[in-house]
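Participant: So that we are looking at the same thing, I have put the structure below in structure tokens.
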């Protein structure tokens, strides 16, 4: 074998070894990176889920303060109500927490409605929305959502200006669509309670 052929064989062999080494290194780096990303995503997903559960549980306590325990209840198909939780204390059922999703101006408004055993709206708590800052976003302010506290004159209706009757909710200035979305959701929750939960234990 000539010297030139020998040199070519050695060069090709060295090149193959280098290519295999590089390929193996890249594979190892990719595998480790993928494993790390998978672990991070798993931890992050669990943290997000735990935060969401904590926020919901806090919302249940806010809208039904008499409840000591909160248990998931069977959900019947509904256009507004997306979840039902039974609130209880040592003596039994104190009321119901209904998760509601209603179409606002910028998207869906998600909130929880607390309804007592006698059908009174105890309170609501806004959990999520895509409403306009300074307008529909004011639905998260006590001046608006506080109007729903201890309401028994139902169904409720939205009015512009000052609410003067027990069944009226004053609209957020410049955000009637959002005001109606929340009020319609509350009315839908009360209707759901009346049809499916009234008298239930």
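Participant: Just to be sure, is residue 107 surrounded by fewer than 16 Cβ atoms within 10 Å (Cβ to Cβ) and over 21 Å from the mean Cα position of the chain (by Cα)?
Facilitator: no
Participant: If you go through region 111-122 one residue at a time, how many are surrounded by fewer than 21 Cβ atoms within 10 Å (Cβ to Cβ) and part of a strand (DSSP E or B)?
Facilitator: Pass one, region 111-122, residues surrounded by fewer than 21 Cβ atoms within 10 Å (Cβ to Cβ): 116-120.
Next, from what is left, pick out any that are part of a strand (DSSP E or B): 116.
Here the count works out to 1.
Participant: Another question, then. Among 174, 161, 119, which is at positive phi and without any contact (Cβ under 8 Å) to a residue 12 or more places away in the chain?
Facilitator: None of the others qualify; the one that does is 161.
Participant: I would also like to ask the following. Would you check which residues across region 126-153 are surrounded by 18 or more Cβ atoms within 10 Å (Cβ to Cβ) and over 26 Å from residue 52 (Cα atoms) and list them?
Facilitator: 151
Participant: Quick one: residue 82 ticks every box in (1) under 14 Å from the mean Cα position of the chain (by Cα); (2) over 21 Å from residue 143 (Cα atoms); (3) in contact (Cβ under 8 Å) with a residue 12 or more places away in the chain; (4) outside any strand (DSSP E or B) bar one, so which box is it?
Facilitator: Of everything listed in (1) under 14 Å from the mean Cα position of the chain (by Cα); (2) over 21 Å from residue 143 (Cα atoms); (3) in contact (Cβ under 8 Å) with a residue 12 or more places away in the chain; (4) outside any strand (DSSP E or B), residue 82 misses just condition (4).
Participant: Residues of region 134-153 being under 18 Å from residue 102 (Cα atoms) and assigned to a loop (DSSP other than H, G, I, E, B), which ones?
Facilitator: Within region 134-153, 135, 141 qualify.
Participant: Counting only residues that are in a helix (DSSP H, G or I) and touching a helix residue (DSSP H, G or I) at 6+ places or on another chain (Cβ under 9 Å), which one in region 160-190 is farthest from residue 136 (Cα to Cα)?
Facilitator: Across region 160-190, the extreme among qualifying residues is 186.
Coordinate-derived values only; no laboratory data. Fair warning: this is a prediction, and the values are worked out from it, not measured in the lab. FYI the Cβ positions are ideal-geometry reconstructions off the backbone, even for glycines, and counts take in every protein chain you see.
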